[in-house]
1. Between GLU41 and LEU20, what length comes free when the chain is fully extended (0.36 nm per residue of separation minus the Cα-Cα distance, one decimal in nm)?
2. Could you list the trypsin sites (Lys or Arg not before Pro) in the stretch 1-49 that lie in coil according to DSSP, counting only those with at most 11 other Cβ atoms within 10 Å of their Cβ?
3. How much length is gained on full extension from VAL13 to MET1, taking 0.36 nm per residue of separation minus their Cα-Cα distance?
4. Could you tell me what fraction of 2.2 N^0.38 Å the Cα radius of gyration of the stretch 1-61 comes to, as a two-decimal ratio?
5. Listing MET8, MET1 from the residue with the fewest other Cβ atoms within 10 Å to the one with the most, what is the order?
6. Taking other Cβ within 10 Å of each residue's Cβ, how do LEU11, LEU18, LEU64, LEU58 sort, fewest first?
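Readers should treat all values here as calculations from the given coordinates under stated rules, not as data from a laboratory. Every value quoted in this text rests on a predicted model; they were computed, and no experiment measured them. Glycine gets a Cβ as well: all are built from the backbone with ideal geometry, and neighbour counts include every protein chain shown.
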Amino acid sequence: MEAAKNLMRQLCVHRLVLGLSLGDVARALGVDRSAVFRWEEGTNAPLLSSAIRYAEVLGMELVLAPKEEDTPPEDETESYSS
């Protein structure tokens, strides 16, 4: 759940930078303004599809990447490329 909160926090900040209101995003997503508010507040987590659409409304793209601690050391990475 913490990852969802962090994601929504970042999307909220970007929304504010763009000057968009909760209502603007809600209308674009076809959801109630209170749903977007709860997502941003962290009381509810959106479905992944909703988070992806939210990012798209902001002109962003969600990208999955391994956590730093899950990334193999460089010498291991080199052995895969041989």
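1. 5.9 nm
2. Working: sites: LYS5, ARG9, ARG15, ARG27, ARG33, ARG38; in loops: none.
Here no trypsin sites (Lys or Arg not before Pro) fit, given the DSSP loop and packing criteria.
3. Extra length from VAL13 to MET1 when fully extended: 2.5 nm.
4. On the way: Rg = 10.0 Å, N = 61, 2.2 N^0.38 = 10.5 Å.
Against the compact-globule rule of thumb, the ratio is 0.96.
5. On the way: MET8 22, MET1 7.
Starting with the residue having the fewest Cβ neighbours, the order is MET1, MET8.
6. Working: LEU11 22, LEU18 13, LEU64 4, LEU58 18.
Lowest to highest Cβ neighbour count: LEU64, LEU18, LEU58, LEU11.
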